[in-house]
Every structure is written in structure tokens, then in C-alpha cells.
Amino acid sequence: MRPETWHEHVLHRDGVLDLIDGAAHTKEIDWTKPAHEALRAAMAAVRVTDPGPNSDVPPFAADVPDAVIGRLVELRPLVESW
């Protein structure tokens, strides 16, 4: 629930701000997730009108995950095992 400028500062500090196409900060809009309006605001921020399309990044067939979990409770033991 921090203002947009705070988030942008952190993203800039961490060197990833240029990787973000757009953002809809809940502090800056009248809705929060999972409200449809909040998701529409996020779509508008990245200039998308159809929620179905995904990224233009092509799949990489050789990409194999290091691990797969089915439930969040499995995450901590997995990370600790690394």
C-alpha cells in the first residue's frame, strides 16, 4: 500500500524499472485485487484490451524447471534444501 513513487524508486534502485511495461498500484487506483476493475487498470497500464494474450516471448523448449511444487506449503522446504 505504498505510493507509486516508492515502488518506482525500489525498481530503479534494483535495476529492473526498465523491464516493467506498466503498473497499476492499488494505492493509486480505487480498487484492489481481485476486483475486475483493478485487473482492467493493470491491463490498461500495459495497453492490453484482451486478457487472453500472454507475452510475445517465445517458449524455450530446453527450459526445464529446477523444481515444481503443487502447493505453497511445499515451497519453504524446497528452498531450504537448496
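A short reminder: the numbers here are calculations on the coordinates, not readings from a lab. As the structure is a prediction and not an experimental result, all values here were calculated from the model. Here Cβ is always computed from backbone atoms with ideal geometry, including for glycine, and neighbour counts include all displayed protein chains.
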Quiz item: Counting Lys +1, Arg +1, Asp -1, Glu -1, what net charge surrounds residue 78 among other residues with beta carbon under 13 Å of its beta carbon?
Solution: -1
Exercise. Only one of the values (i) 1.04; (ii) 1.62; (iii) 1.29 was calculated from this structure for Rg/Rh (Cα atoms, Kirkwood Rh); name its label.
Key: (i)
Quiz item: Taking only Cα atoms, what is the 0 to 90° angle, nearest 10, from helix 36-45's long axis to the longest principal axis of the chain?
Solution: 90
Quiz item: Residues with beta-carbon under 13 Å from that of residue 17, excluding residue 17: net charge, scoring Lys, Arg +1 and Asp, Glu -1?
Solution: -4
